[in-house]
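Shown next, in structure tokens, is the structure this report addresses.
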Amino acid sequence: MTDTITLPNSLRSQPDERGHFGAFGGRYVAETLMPLILDLEKEYRAAKADPAFEEEFQTLLKHYVGRPNPLYYAGRLTEALRKNAPAGKGAKIYLKREELNHTGAHKINNCIGQILLAKRMGKTKIIAETGAGQHGVATATVAALFGLPCTIFMGAKDVERQKPNVFRMKLLGAEVHAVTSGSQTLKDAMNDALRHWVSNVHDTFYIIGTAAGPHPYPELVRDFQSVIGKEIRAQMLEAEGRLPDMLIAPVGGGSNAIGMFHPFLDDSDVAMVGVEAAGEGLDGKHAASLAGGASGILHGNRTYLLQDEDGQITEAHSISAGLDYPGIGPEHSWLHEIGRVDYVPVTDKEALASFQKLSSLEGIIPALESAHAVAAAERIAPTLDADKIVVVNLSGRGDKDIFTVAEALEVEI
Amino acid sequence: MTDRFAQRFAACRNQGRSALITFVTAGDPTAADSAAILDALVEGGADIIELGMPFTDPMADGPAIELANLRSLGSGTTTADILAIATAFRGRHPDIPLVLMGYANPMLARGAEWFAAQAKAAGVDGVICVDIPPEEDREIGPALRAAGIDLIRLATPTTDAARLPAVLDGAGGFLYHVSVAGITGKQQAQLTHIEHAVAKLKAATDLPVAVGFGVRTPEQAAAIGRVADGVVVGSAIVDIVGSHGDKAAPFVRDFVASLRAAMTAREHAA
Ligand SMILES: Cc1ncc(COP(=O)(O)O)c(C=O)c1O
């Protein structure tokens with residue numbers, strides 16, 4: 001071997017043994033947590049190699065989560081976009097129906113995987129952070145399923161904004177801990193979950209809700225979420241006899257997107273678009289870490305972050321609570337830098353319009369997060385030839401968002 | 001250049017006591033208040049100063065220090081202010097070892113070399129970066145060592161014998177034993193546990209071993225001082241700053257003096 005730097009033969013072989021995706025990822029945690037993170041990695045390697053683990057995971061995904069969910073051809077959306085497209089333009093749009101999963105989003109895929117790991121490691125308590133409450137609900141759900149006590153850390157502001165999900169978590173038997181520190185939102189919930197974990201490492205498993213955090217979390221969350229991309233691959237081959245031309249997913253921390261993209265990373269003919277929340281616009285308040293941030297270290301990993309020139313983290317904004325985070329998973333930072341995935345911003349306003357459009361055209365109310373991806377598809381599909389195929393990850397359903405949307409539209413309900 | 005850490009620990013040893021290491025957050029409540037508070041630490045009898053670099057997301061800290069971080073940032077403290085506070089301190093106190101303690105992101109925002117050079121120019125002797133474990137040393141360790149600044153590492157109750165050599169590799173100044181698996185400001189570990197842990201650490205390194213996290217009272221400081229080379233007190237002082245704000249200096253001085261008196265009384269008790 002020479003020591004010239006070459007791109008890996010496969011884009012699917014990351015991270016390296018130290019948990020790095022190129023210059024990103026890694027394990028930036030206090031010494032107290034370090035041995036635990038190393039232990040988790042060892043257990044995860046063993047679980048990955050154990051057919052019984054995979055079998056239990058697949059069984060629960062099938063019978064409890066309801067997988068596989070459909071890959072649905074959105075004919076009315078496709079036709080509506082073709083009407084305003086130049087002749088011969090207007091790609092076919094398919095929707096991956098993650099919103100039909102139990103608990104209404106992709107989050108549950110990861111939670112099933114991680115609680116199986118917790119069980120394997122003999123941990124008896126579960127904690128998680130949540131923003132909108134989707135990951136909190138999914139975690140509380142699997143904790144109920146396995147009979148483990150569960151504490152959900154949630155920013156006090158979000159507790160106030162997301163009352164239905166707070167009540168859901170409580171019904172599921174979880175304790176919801178309102179975090180009053182810092183900006184009282186998702187990043188602070190994650191800080192407090194880490195603080196709790198560091199003080200209770202002996203018996204507590206931390207189910208991180210997105211493909212971020214210290215290694216091995218970004219890797220294991222991606223692996224559990226990769227069921228999305230694997231199903232799309234099989235379903236598309238069956239429906240169209242070929243692979244799609246483009247994949248589009250919303251990116252908060254990036255778990256649904258990496259789950260969709262990863263199985264296709266080596267298929268160079270498949271283009272990929274990650275959609276960041278541009279909030280009020282990139283020159284206003286937003287949550288677009290790649291478009292408006294810089295590389296830094298937070299929550300255990302090096303990645304793109306919204307920050308000032310002193311490295312202080314700045315507050316994110318998105319109408320979608322699930323995208324309202326000042327960072328992004330490290331593998332996305334890497335895929336952005338090597339140019340494999342194109343990341344585009346979509347504003348609150350655009351997402352709101354797509355939220356309504358998909359509801360009325362297809363009878364599917366998307367989560368506001370997912371509506372960002374729909375908006376990007378509306379922008380891109382009319383520029384592609386009509387024989388191209390685009391898949392949009394409908395990561396969640398929008399029932400949780402009806403209050404936010406009503407307020408934004410100034411409708412009383 | 002003289003090694004202020006080695007000199008100070010040796011001086012304490014000669015006096016038959018352990019070193020008193022005190023922590024405050026830079027710029028708390030405002031950058032203008034820091035000089036008086038730092039001087040109060042020294043007047044009270046602190047041997048080594050840890051100056052906390054505030055961060056928006058201090059994940060390893062409990063409520064007391066987190067609030068101090070937010071007070072400081074809320075009053076507009078910048079990295080330039082912190083370096084100015086350090087520089088001025090060094091001018092007033094040429095012999096007191098000064099440690100910058102904080103998180104990776106503010107330290108690395110302009111690059112590790114920039115930070116190391118600025119810290120060196122400000123007269124800083126050591127750096128504790130909470131969220132850079134040995135596994136990620138190359139982010140900051142090489143730059144600090146090249147600049148002649150000691151990288152002070154933490155050993156925790158979860159650091160087992162197999163891991164300890166990695167923690168010690170590249171460590172300088174003193175070894176900071178975090179006595180509880182947790183965040184700053186929480187309950188204290190049992191003295192017998194601390195004694196046992198310190199003995200194990202001292203068998204593995206020639207660096208002085210200081211004990212911190214959860215040390216709040218003169219009695220605790222005195223007891224730990226009997227088994228360790230240094231005692232770190234942070235949250236209890238930061239709480240005083242939190243209560244008294246820009247009038248905190250005399251209260252800080254008196255509290256530190258009470259810690260120091262208790263630690264010195266040991267000589268007579270023995
Ligand atoms: C429906 C839905 N989609 C997307 C996201 C964003 O998370 P991630 O980027 O990890 O998929 C969330 C987060 O709460 C969500 O609830």
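The values are calculated or read from the model by the stated rules, or taken from the named source; none is laboratory data. All of these numbers come straight from a predicted model, not from anything done at the bench. So basically every Cβ, Gly included, is an ideal-geometry build from the backbone, and we count neighbours across all protein chains shown.
Observations on the model:
- Only a single criterion out of (1) in a loop (DSSP other than H, G, I, E, B); (2) within 16 Å of the ligand (Cβ to nearest atom); (3) not aromatic (Phe, Trp, Tyr) is not satisfied by A:Asp267, namely (2).
- When segment A:385-402 is filtered for residues that are away from the ligand (no atom under 15 Å from the Cβ) and assigned to a loop (DSSP other than H, G, I, E, B), the ones remaining, listed by number, are A:Ala386, A:Asp387, A:Lys388.
- Test for A:Ile297: is it crowded, with 24+ Cβ neighbours inside 10 Å and either in contact with a Lys or Arg (Cβ under 7 Å, 6 or more places away or on another chain) or part of a loop (DSSP other than H, G, I, E, B) (or both): no
- Hey, A:Gly296 within 13 Å of the ligand (Cβ to nearest atom) and at pLDDT 95 or above or not: no
- The residues in segment A:204-262 that are within 14 Å of the ligand (Cβ to nearest atom), without any contact (Cβ under 8 Å) to a residue 40 or more places away in the chain and assigned to a loop (DSSP other than H, G, I, E, B) can be counted, and the count is 1.
- Of all residues in segment A:195-235, those that are among the small types (Gly, Ala, Ser), under 25 Å from B:Pro58 (Cα atoms) and at pLDDT 95 or above total 4.
- Among the residues making up segment A:358-382, a single one is more than 12 Å from A:Lys400 (Cβ to Cβ) and in contact with an Asp or Glu (Cβ under 6 Å, 6 or more places away or on another chain): A:Ala375.
- Count of segment B:17-61 residues which are within 14 Å of chain A (Cβ to nearest Cβ) and surrounded by fewer than 22 Cβ atoms within 10 Å (Cβ to Cβ): 1
- Matching option when the condition is within 14 Å of chain B (Cβ to nearest Cβ) and without any contact (Cβ under 8 Å) to a residue 12 or more places away in the chain, among A:Asp308, A:Asp283: A:Asp308
- Subset of segment A:324-347 that is over 16 Å from the mean Cα position of the chain (by Cα) and of a type in the set (Asp, Glu) - its residue that is nearest to the ligand (Cβ to nearest atom): A:Asp342
- If you go through segment A:241-278 and keep only what is acidic (Asp, Glu) and out of contact with any Phe, Trp or Tyr (no Cβ under 9 Å at 6 or more places or on another chain), you end up with A:Asp245, A:Asp266, A:Asp267, A:Asp269.
- Check on A:Glu350, more than 15 Å from A:Ile93 (Cβ to Cβ), within 14 Å of the ligand (Cβ to nearest atom) and in the same structural domain as A:Ala249 (by TED's automatic domain parsing): no
- Residues (under 28 Å from A:Val405 (Cα atoms), part of a loop (DSSP other than H, G, I, E, B) and β-branched (Val, Ile, Thr)) located in segment A:308-356: A:Thr314, A:Ile319, A:Ile328
- A:Val405 fulfils the conditions (1) assigned to a strand (DSSP E or B); (2) within 15 Å of the ligand (Cβ to nearest atom) except for a single criterion, (1).
- Looking across segment A:328-358, the residues that are over 14 Å from A:Pro250 (Cα atoms) and touching a Phe, Trp or Tyr at 6+ places or on another chain (Cβ under 9 Å) come down to A:Pro330, A:Glu331, A:Ser333, A:Trp334, A:Leu335, A:His336, A:Glu337, A:Arg340.
- Against the test of being within 13 Å of another protein chain (Cβ to nearest Cβ), modelled with pLDDT of 95 or more and closer than 28 Å to B:Gly148 by Cβ, the options B:Thr87, B:Thr77 yield a single qualifying residue, B:Thr77.
- Taken as a whole, the condition of being surrounded by 24 or more Cβ atoms within 10 Å (Cβ to Cβ) and under 18 Å from A:Ile208 (Cα atoms) does not apply to A:Gly274.
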